[in-house]
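Okay, structure first, notes after.
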């Protein structure tokens, strides 16, 4: 258990800690949600979700969404806010998350941002501008993509924004980069954020043992399947899951849609989900390790919560 005195000390700093946003980050399966709940109990906090797939109603088992009974009475925000047919938007999230953070502070509480979606974390925390969208431009680009494939679009992007062309390989993001250039005349890469907080914040990262995490993720996928992941996917298919540009690509859901189609066995879907989840965790670690502002703590340290509170306290007091 954490030292209750640290939480009390923070609360007594004439409200200074209320100026902070606390973020708990790290790879999937590292225990972020559990730590966040403990910190919220100690600090008088409320949790704001920054896991894009946990925005979706009904996507519970496959996203490892914390059940209400395990939230220990701590208010949770930005869960279950989208239907599976809706597309998640990082710019919309930025607006919602910052509004929720202000509302949490207005109640005298501490906003605690939790998630492994790196761009969403940065959208909430950092000075970051999002360009607009244009449905007609995007539709034209998507028609080009369907007609000629990704190669010609990448060649166009190479001409106007070499940095983005080198970095992006996903067709959807290449289309977005060209849309932004045609709409604004600015390179998509020019919108990449600097590491500058929008408001005072402290990030706690969970440092994992990679081999142990691999085994934990495999076991978690098996538990999801045993808990009814296939049935959940079948239910969501009836609510339009296949038409969702974001939700249909979620780990586990994409694979079990193939089970429903008969193009993949359950065993193959499990193996594919484990492989994809491990790959995703590696990408998350690469993303978060690049941010020097994150305070890394061992994920299985028996004093994890106390050390996290000490890190927050030293940031506030310093």
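All of the numbers you see were taken from the coordinates with simple rules; none came from a lab. Computed from a predicted model, the values in this text were never measured in an experiment. Virtual Cβ from ideal backbone geometry, glycine too; neighbours counted across all protein chains shown.
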Cut-off 13 Å (backbone N to label point 7 Å along Cα→Cβ of residue 196), residues of the stretch 73-102: none
List the extent of the Cα atoms of the stretch 76-116 along each of their three principal axes, largest first, rounded to whole Å. 36, 18, 17
Starting from the 7 Å offset along Cα-to-Cβ, what nm value, one decimal, do you get for the label separation of residue 279 and residue 173? 1.3
Between the stretch 134-180 and the stretch 20-77, the Cα center-to-center distance that results, in Å: 35
Can you grab the distance from the C-alpha centre of the stretch 182-221 to the C-alpha centre of the stretch 241-255, Å, no decimals? 21
How large is Rg/Rh for the chain, to two decimals, with Cα atoms and a Kirkwood Rh? 0.98
So what's the angle, to the nearest 10 degrees on a 0 to 90 scale, between helix 210-226 and the longest Cα principal axis of the chain? 70
Beyond 12 Å, what percent of the Cα pairs of the stretch 135-191 remain? 58
Go ahead and run the numbers for FRET between residue 271 and residue 92, Cβ-Cβ distance against an R0 of 45 Å, rounding to 0.05. 0.85
Which of 148, 177, 52 fluctuates most in a GNM of the chain (C-alpha springs under 10 Å)? That residue is 148
At what distance in nm do the modelled label points of residue 158 and residue 107 sit from each other, each positioned 7 Å from its Cα along Cα→Cβ? 5.3
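With a/c under 1.5 counting as rounded, go ahead and sort the stretch 212-281 into rounded, prolate or oblate using the C-alpha gyration tensor (a ≥ b ≥ c being the square roots of the eigenvalues; past the cut-off, prolate if a/b is larger than b/c, else oblate). Each step should come with its number before you reach the end.
Details: a/c = 1.89, a/b = 1.60, b/c = 1.18.
Here the stretch 212-281 falls in the prolate category.
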Stokes-Einstein, Kirkwood over Cα pairs, the stretch 104-218, 25 °C, 0.890 mPa s; D in µm²/s equals 144
Volume per residue of the C-alpha convex hull in the stretch 174-249, rounded to whole Å³: 208
If the chain between residue 70 and residue 130 were fully extended at 0.36 nm per residue, the gain over the current Cα-Cα distance would be 18.1 nm
For residue 142, placing the label point 7 angstrom along Cα-to-beta-carbon and taking the stretch 79-120, residues whose amide nitrogen sits under 15 Å are 85-89
Given a cut-off of under 8 Å on Cα pairs at least six residues apart, what relative contact order in percent is computed for the chain? 28
Length added when fully stretched, residue 119-residue 290, from 0.36 nm per residue minus Cα-Cα: 60.3 nm
Once every DSSP H run of n ≥ 4 in the chain is given -39500 (n - 2.57) and the sum is divided by its residues, what mean residue ellipticity at 222 nm do you get, rounded to the nearest 500 deg cm²/dmol? -16000 deg cm²/dmol
Springs between alpha-carbon atoms under 10 Å, Gaussian network over the chain: tell me which of 110, 208, 175 tops the mean-square fluctuations. 175
Over the stretch 182-318, how many percent of alpha carbon pairs lie in each 5 Å bin up to the one with the longest distance? 2, 8, 13, 13, 13, 12, 13, 13, 9, 3, 1, 0
Please build a GNM for the chain, connecting alpha carbons under 10 Å apart, and tell me which residue among 48, 121, 137 fluctuates the most. 137
